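Trainee: Below is the structure I would like to discuss, written out as structure tokens.
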Amino acid sequence: MENPIDTLIIGGGLTGLTVAHFLQKYQPEAKITILEKSSSPGGAIRSFNQDGYLAEWGAHGFLDNVEASRELLADTGLDKEAQKAPLDEFVRYICLNGKLNLIPQNPKKIIRSNLVSLPAKLRVLADLWIKPRREEQTVAAWAAYRFGSSLLPFVDAVLTGTYAGDLNRLSIDAVFPGIRALELEKGSVIRGLLQKRKSARVKQENAPQKKLPAMVSFPQGMGRLPEVLAANKNLLCSVEVKSIHKNGDVWEVRTTDQSYRANSLVLALSVNQSLFFLQSASGMTVEESPLATVPEARIVTIAMGFGETAEIPFGFGYLAPEQEKRFAMGALFSTHMFPGRAPKGHMLLEALVGGRRHPEKLELADDILVQKTYDDLRQLIHLPDPPVFTKVLRPDHGIPQLEIGYPRLLAWRKRLVESNRGLYICGFGWEGIGINDMTKSAKQVAAALAAGIAAKGETEVKGVYF
Ligand SMILES: Cc1cc2nc3c(=O)[nH]c(=O)nc-3n(C[C@H](O)[C@H](O)[C@H](O)COP(=O)(O)OP(=O)(O)OC[C@H]3O[C@@H](n4cnc5c(N)ncnc54)[C@H](O)[C@@H]3O)c2cc1C
């Protein structure tokens, strides 16, 4: 029998490719194989090109404030290609009472702005003395309890823009574990953040004032990222894994027509795909998972090209909280953010429809989706002429929802990994849902693989941006 491969990675999406990248960096001699079921790598990241328009099936970009992503770009030379749209220049809008309002880019500035009434501002300060509730809560219940319900439309917009999710179902403990830990430790989020800021300032006395991060993409679109990462890797596409099995210290992986053996196995899949293998694996120490599957939010992107009569306000785009009862969850003003994504004299706008709260909208035919989206948008933006280009993109990938009960699933995964040597579980949903969450956890997995130890996640306070 052939010697086992050092590391076998299932999944050639961003996570699998990033684990391979960092592991190659830490252990150039390691034998790594990636198995990917699609005919090309990239998973949820894929760009769309037609008639001079460049849109995205999935991710539109990521913020440049995470070390692992910056390192990945620098290692691959992609930092030289990157297109950047800084948050302090490219403003965003929130739809309130049927109108677009310029929204300050972080929670502190929102509270100072006149979008929030004086009594609501004072209510936010109650966070300083309200006792933390230890039980798991939805984001909506938690935010209303700590800061008052006036802030809920803003919280809704953040979670619509990231999870396409429902704040009445998402778990604060899973979505913002760092902020929750700070609250429980210091008794107040505001106090915790102030103390954290003070100690950071003491550490870097003369460090320059931190600027807001920038959104990053590439002239060819986000698809460029997996394309470059996949080069020089032992990546086998169109290979679908059917089962995993632990035989002593070796992992056996069966595909449609072959078996692979490996000393270490990385599941770099979205949560539900991992759960499928973990629940049916044999030879492993595994207790029953607390959740059989995780809900996913699906969206459609309606890409629309407009001519010169369109007056799309400058900035990233807008988000509409559920209370506004609009057809689209929001839209990206793509050609403002990243010029060159439409033919000369034209603009591209990408509207997002559906999400966790409106799966029924995904059932609509393309022409109805386009018409309803245009009717919705023209009430908010001056779009006197209909779009000259339209394309409805229906991604295969849903966004995993970290809802109530999710922390129990994470605890289960921790026990599973600790009791099954050589098993690593990361990917879409486990440590969060954004590209930066994926690169950070993939780098940690690669470091743990190189050190021959189990991977440990870190709970940190993430910035909240619109
Ligand atoms: C619509 C949408 C919009 C998004 N927008 C943003 C954004 O603007 N910014 C941002 O930061 N993030 C965004 N994200 C999230 C981001 O795309 C993900 O964090 C990231 O792509 C996840 O990568 P992954 O490799 O973990 O998972 P995936 O991309 O799901 O990759 C998993 C891979 O495993 C393969 N696979 C599955 N089963 C098997 C099997 N049995 N055998 C072999 N291979 C298998 C799949 O084909 C896939 O290629 C968005 C996601 C979606 C869906």
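The values are calculated or read from the model by the stated rules, or taken from the named source; none is laboratory data. Not measured: the values here are computed from a predicted model. Note that each Cβ is placed from the backbone with ideal geometry, even for glycine, and that neighbours are counted across all protein chains shown.
Trainee: Could you give every pair whose Cβ atoms fall below 6 Å, whose first residue belongs to the stretch 55-69 and is among the hydrophobic types (A, V, I, L, M, F, W, C), and whose second residue is within 11 Å of the ligand (Cβ to nearest atom) and in a strand (DSSP E or B), counting only separations of at least 6 or pairs across chains?
Mentor: Close Cβ pairs (under 6 Å, with a partner that is within 11 Å of the ligand (Cβ to nearest atom) and in a strand (DSSP E or B)) amount to Ala55/Glu350; Trp57/Leu393; Phe62/Val216.
Trainee: Moving on. Output the number of residues of the stretch 254-269 satisfying the condition of being more than 17 Å from Val417 (Cβ to Cβ) and either under 30 Å from the mean Cα position of the chain (by Cα) or within 14 Å of the ligand (Cβ to nearest atom) (or both).
Mentor: Looking only at that region, the number is 7.
Trainee: Any chance you could count how many residues in the stretch 391-411 are away from the ligand (no atom under 13 Å from the Cβ) and either out of contact with any strand residue (DSSP E or B) (no Cβ under 8 Å at 6 or more places or on another chain) or not aliphatic (A, V, I, L, M) (or both)?
Mentor: 9
Trainee: Identify the residue in the stretch 20-51 that is of a type in the set (A, V, I, L, M), closer than 21 Å to Ser259 by Cα and at pLDDT 95 or above and, among all such residues, is farthest from the ligand (Cβ to nearest atom).
Mentor: Of the stretch 20-51, the ones of a type in the set (A, V, I, L, M) are 20, 23, 30, 32, 34-35, 44-45.
From what's left, closer than 21 Å to Ser259 by Cα: 20, 30, 32, 34-35.
Keeping just the survivors that are at pLDDT 95 or above gives 20, 32, 34-35.
On the way: Ala20: 11, Ile32: 15, Ile34: 9, Leu35: 5 Å.
Here the answer is Ile32.
Trainee: Hey, among the residues in the stretch 39-57 that are under 20 Å from Ser238 (Cβ atoms) and in contact with an Asp or Glu (Cβ under 9 Å, 6 or more places away or on another chain), which one's surrounded by the fewest Cβ atoms within 10 Å (Cβ to Cβ)?
Mentor: In this case the residue turns out to be Ser40.
Trainee: So which of Arg197, Arg224, Arg146 is away from the ligand (no atom under 16 Å from the Cβ) and either in contact (Cβ under 8 Å) with a residue 24 or more places away in the chain or in contact with a helix residue (DSSP H, G or I) (Cβ under 6 Å, 6 or more places away or on another chain) (or both)?
Mentor: Arg146
Trainee: Suppose we keep only residues that are acidic (Asp, Glu) and in contact with a Lys or Arg (Cβ under 8 Å, 6 or more places away or on another chain) within the stretch 209-256. Which one would you say is modelled with the lowest pLDDT?
Mentor: Selected residue: Asp249.
Trainee: Got at least one residue in the stretch 49-58 being under 15 Å from the mean Cα position of the chain (by Cα) and of a type in the set (Gly, Ala, Ser)?
Mentor: So far as the stretch 49-58 goes, yes, one or more of its residues are under 15 Å from the mean Cα position of the chain (by Cα) and of a type in the set (Gly, Ala, Ser).
Trainee: Take Leu194 and decide whether it is in contact with a Gly (Cβ under 6 Å, 6 or more places away or on another chain), within 26 Å of Glu67 (Cα to Cα) and not in a loop (DSSP other than H, G, I, E, B).
Mentor: no
Trainee: Right, here's the next one. For residues that are surrounded by fewer than 17 Cβ atoms within 10 Å (Cβ to Cβ) and within 16 Å of the ligand (Cβ to nearest atom), tally how many sit in the stretch 412-460.
Mentor: Result for the stretch 412-460: 0.
Trainee: Return only the number of the condition from (1) touching a residue at least 60 places away in the same chain (Cβ under 8 Å); (2) over 23 Å from Lys443 (Cα atoms) that Glu252 does not satisfy.
Mentor: Result: Glu252 passes all but (1).
Trainee: Can you tell me which condition Gly248 does not meet? The list is (1) of a type in the set (Gly, Ala, Ser); (2) within 10 Å of the ligand (Cβ to nearest atom); (3) farther than 22 Å from Ala20 by Cα, and all the others hold.
Mentor: With respect to (1) of a type in the set (Gly, Ala, Ser); (2) within 10 Å of the ligand (Cβ to nearest atom); (3) farther than 22 Å from Ala20 by Cα, Gly248 is out only on (2).
Trainee: Against the condition away from the ligand (no atom under 14 Å from the Cβ) and among the aromatic types (Phe, Trp, Tyr), how does Phe277 come out, does it pass?
Mentor: Numbers: away from the ligand (no atom under 14 Å from the Cβ): no; among the aromatic types (Phe, Trp, Tyr): yes.
Here the answer is no, as Phe277 does not meet what is asked.
Trainee: Output the number of residues of the stretch 1-28 satisfying the condition of being surrounded by fewer than 24 Cβ atoms within 10 Å (Cβ to Cβ) and among the hydroxyl-bearing types (Ser, Thr, Tyr).
Mentor: Qualifying residue count, the stretch 1-28: 1.
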